[in-house]
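The values are calculated or read from the model by the stated rules, or taken from the named source; none is laboratory data. What you see is a predicted model, and the numbers here were worked out from it, not measured in a lab. When we count neighbours, we look across all protein chains shown, and the Cβ atoms used for this are built from the backbone with ideal geometry, even at glycine. To get the accessible areas, we keep the full protein, side chains included, count just its heavy atoms, and leave off ligands, DNA and RNA. Shrake-Rupley method; radii C 1.70, N 1.55, O 1.52, S 1.80 Å.
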Amino acid sequence: EPVVLVTSYLPVTPLPGLDQVDFARQSLYTELEHRHLGITSVNRKLEVVAADPDTAASLQVAPGSPTFYFHTLGQVSDGRVLEYSIAQYRGDNNYFTFNIART
């Protein structure tokens, strides 16, 4: 049963051959680490949105079902943004815990 639909956008130039990686078997972040471009920080925004018909079909839920919709910007150690992704998690079988510390 699918739980998340993720679309990631990355620049082509520093990542030759990335389109040849089988991401059904390999994690994107692990692959980036192998290329010495590991994501060291992310900025995430969370919304709750209704699943459109295509997303609903992919997640095997009814159209209009609630989904957790994350926008993520992933940065490498020098501060460059290397990844932009959107992820929609089913609302019926996912939850998220946030720990916030004041520094």
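Cβ-Cβ below 7 Å, separation at least six or inter-chain, first residue in region 51-69 and farther than 17 Å from Ile86 by Cα, second crowded, with 17+ Cβ neighbours inside 10 Å and among the basic types (Lys, Arg): which pairs?
Short answer, once both residue conditions are applied: Val61/Arg90.
So Thr7 fits all but one of (1) in a strand (DSSP E or B); (2) open to solvent by 80 Å² or more (accessible area, probe 1.4 Å); (3) of a type outside the set (D, E, K, R); what number is the exception?
Evaluating Thr7 over (1) in a strand (DSSP E or B); (2) open to solvent by 80 Å² or more (accessible area, probe 1.4 Å); (3) of a type outside the set (D, E, K, R) leaves (2) as the failure.
Identify all residues within region 60-103 that are hydroxyl-bearing (Ser, Thr, Tyr) and surrounded by 11 or more Cβ atoms within 10 Å (Cβ to Cβ); write none if there are none.
Ser65, Thr67, Tyr69, Thr72, Ser77, Tyr84, Ser85, Tyr89
Quick check on my filter: what residues within region 10-28 are within 25 Å of Phe98 (Cα to Cα) and loosely packed, with under 12 Cβ neighbours inside 10 Å?
Of everything in region 10-28, just one residue is within 25 Å of Phe98 (Cα to Cα) and loosely packed, with under 12 Cβ neighbours inside 10 Å, namely Ser27.
Scan region 1-16 and report the pairs whose first residue is under 19 Å from His71 (Cα atoms) and whose second residue is open to solvent by 50 Å² or more (accessible area, probe 1.4 Å) and among the small types (Gly, Ala, Ser), with Cβ atoms within less than 6 Å and a gap of 6+ or a chain change.
Leu5/Ser58
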